[in-house]
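What follows is one structure encoded as structure tokens, with my remarks underneath.
The values are calculated or read from the model by the stated rules, or taken from the named source; none is laboratory data. Source: prediction; values computed, not measured. Cβ: placed from backbone, ideal geometry, glycine included. Neighbour counts: every protein chain shown.
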Amino acid sequence: MRPWQLIALIFLLGLLAVFNGWKPFWVLFYALLVAFALSLVWLALSVRGLKFTRSSVGGRAEVGDRIEERLALENHSWIPKLWVQVSDGSTLPGHHAGYVSSVGPRQRIAWRARTLCRKRGRYTLGPVTATTGDPMGLFRRELTLAPSSQLLVLPNVFDLRAFPLFPGVMPGRGRGSQRSLQVTTNVVTVRDYMAGDALTRIHWASTARHGQLMVKEFDLDPTIDVVILLDLNKDAHAGVDESSTEEYAVTIAASLSAYLLRQRDLAVALEAPGPSGMSLPLDRGDRQFDRALEALAIVRADRHITLATALAELEMRLSRNTVLIVITPSSDLDWEQQLGHLRRRGVRPIVVLLDPSTFDERQGSISRVVDALDGAGVPSVTIRRGDALARVLETSTPGHISQIGRISR
């Protein structure tokens with residue numbers, strides 16, 4: 001029965017008791033009136049003394065991580081809570097932290113919520129609300145126990161030891177270039193002080209350790225810039241959820257970014273034009289890698305811009321000796337000519353080609369694209385659904401088509 005229905009019944013019984021004078025009407029009138037008053041008092045007391053605690057899981061996780069929350073509900077009053085429903089408004093798929101129970105006086109109830117992060121993206125944990133009411137079920141009251149917090153699920157990253165398609169003989173230092181006579185941002189070693197060395201180049205920590213003056217040696221700044229272009233054309237992608245070309249492409253972009261930024265110490269930019277795309281300018285180091293993962297966590301293949309258009313927009317920003325890594329499932333042939341034009345300008349293109357027909361049988365074959373890239377001298381590697389991505393990328397050769405495997409090392 002709803003409260004207004006009970007109020008109407010009490011009012012009706014009161015009228016009947018006054019005009020009829022029959023004693024049972026008065027008994028029912030007073031009984032329901034007292035029950036109504038007690039329900040209001042119980043409702044007011046039912047939310048007092050409730051305390052909720054929730055362990056923090058941090059602001060970031062990675063696909064494949066299992067997050068665990070410890071939750072507890074305490075009743076600090078002497079009034080028992082006959083029933084309390086704890087509801088969690090989290091948007092993380094598969095995360096269920098709700099609970100329904102009665103809580104006695106001075107009682108504490110604890111439970112855990114474990115969730116496997118299967119899908120990258122930005123999610124909220126909470127808010128947590130509690131709903132309780134009176135024994136008659138006439139009234140309900142809801143209060144917020146904990147506010148919402150943000151959780152960013154980062155894409156999976158494979159630790160690559162090599163990427164053979166990456167050009168090795170290009171201007172720049174990589175890991176073994178010539179020493180620079182000028183002061184740069186790249187200190188590689190120290191040596192004994194020689195007459196004429198500037199005092200600003202003295203490395204005082206090494207000087208104190210060796211007992212003689214030691215100066216810093218610098219490397220030339222690398223001249224290789226790497227731009228990773230992620231094709232997010234909605235019409236080109238196939239598959240659903242984890243078994244989709246979109247998720248494979250993002251995982252590959254994240255793994256290559258880790259390899260180039262950490263193993264090769266190069267300046268890397270990420271481009272993915274579109275409504276939910278990204279444009280990350282050139283930078284290097286762990287800070288750039290963190291930015292790349294955060295950007296890749298939320299990109300979506302939700303645009304209708306072809307790869308040819310994306311290359312045309314990017315062309316004027318690519319300088320000579322830039323390595324362009326294109327990650328795409330596109331089976332069109334119109335963008336291959338643009339890569340040839342970029343090669344004539346001194347840009348070194350590499351294509352990581354996802355075979356959409358292995359993700360959806362309705363998609364066309366990419367054999368013509370592989371042949372066209374091979375004929376144009378553009379190194380490429382083809383990824384199929386179920387491939388062990390780390391192994392395929394580490395053993396890739398131009399025109400290589402990988403074998404079916406698992407998406408793991």
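Things worth noting here:
- Flag if F52 is over 30 Å from A295 (Cβ atoms), among the hydrophobic types (A, V, I, L, M, F, W, C), touching a residue at least 60 places away in the same chain (Cβ under 8 Å) and part of a strand (DSSP E or B): yes
- Note on region 44-64: among residues that are among the β-branched types (V, I, T) and more than 23 Å from W78 (Cα to Cα), the one that is farthest from the chain's Cα centre (by Cα) is V57.
- Those residues of region 370-389 which are over 25 Å from the mean Cα position of the chain (by Cα), at pLDDT 90 or above and buried (at least 23 other Cβ atoms within 10 Å of the Cβ), in sequence order: S380, V381
- Checking each residue in region 43-69 for being surrounded by 14 or more Cβ atoms within 10 Å (Cβ to Cβ) and either of a type in the set (D, E, K, R) or touching a helix residue (DSSP H, G or I) at 6+ places or on another chain (Cβ under 6 Å) (or both) picks out R54, R60, E62, D65, E69.
- All conditions but one from (1) assigned to a loop (DSSP other than H, G, I, E, B); (2) β-branched (V, I, T); (3) farther than 22 Å from A297 by Cβ; (4) modelled with pLDDT of 90 or more apply to I109; the one that does not is (1).
- Check on L339, free of Cβ contacts under 8 Å to residues at least 60 places away in the same chain and crowded, with 17+ Cβ neighbours inside 10 Å: yes
- Selected residue [assigned to a helix (DSSP H, G or I), within 25 Å of V84 (Cα to Cα), over 50 Å from the mean Cα position of the chain (by Cα) and of a type in the set (V, I, T)] from V18, V27, V34, V41: V34
- Among the candidates D360, D355, the residue that is crowded, with 23+ Cβ neighbours inside 10 Å, more than 16 Å from A310 (Cβ to Cβ) and charged (D, E, K, R) is uniquely D355.
- Strands (runs of 3 or more DSSP E) (entirely within region 202-321) containing at least 2 residues that are at pLDDT 90 or above and either within 23 Å of D334 (Cα to Cα) or assigned by TED's automatic domain parsing to the domain that holds L389 (or both): 225-230, 267-272, 278-283
- Options L13, L116, L92; residue that is in contact with a Phe, Trp or Tyr (Cβ under 6 Å, 6 or more places away or on another chain) and under 30 Å from E294 (Cβ atoms): L92
- Residue selected from region 239-255 under the condition buried (at least 23 other Cβ atoms within 10 Å of the Cβ) and small (G, A, S), by the criterion nearest to the chain's Cα centre (by Cα): A254
Quick grid of which residues meet (1) modelled with pLDDT under 90; (2) touching a helix residue (DSSP H, G or I) at 6+ places or on another chain (Cβ under 9 Å):
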residue	(1), (2)
R122	no, yes
V128	yes, no
T132	yes, yes
M136	yes, yes
Q150	no, no
N156	no, yes
D159	no, yes
V169	yes, no
R173	yes, no
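- For P147, the criteria (1) surrounded by fewer than 20 Cβ atoms within 10 Å (Cβ to Cβ); (2) within 30 Å of F36 (Cα to Cα) hold in every case but one, which is (2).
- Scanning region 105-118 for residues that are surrounded by 14 or more Cβ atoms within 10 Å (Cβ to Cβ) and either more than 18 Å from E69 (Cβ to Cβ) or touching a Leu at 6+ places or on another chain (Cβ under 7 Å) (or both) gives Q107, I109, W111, A113, T115.
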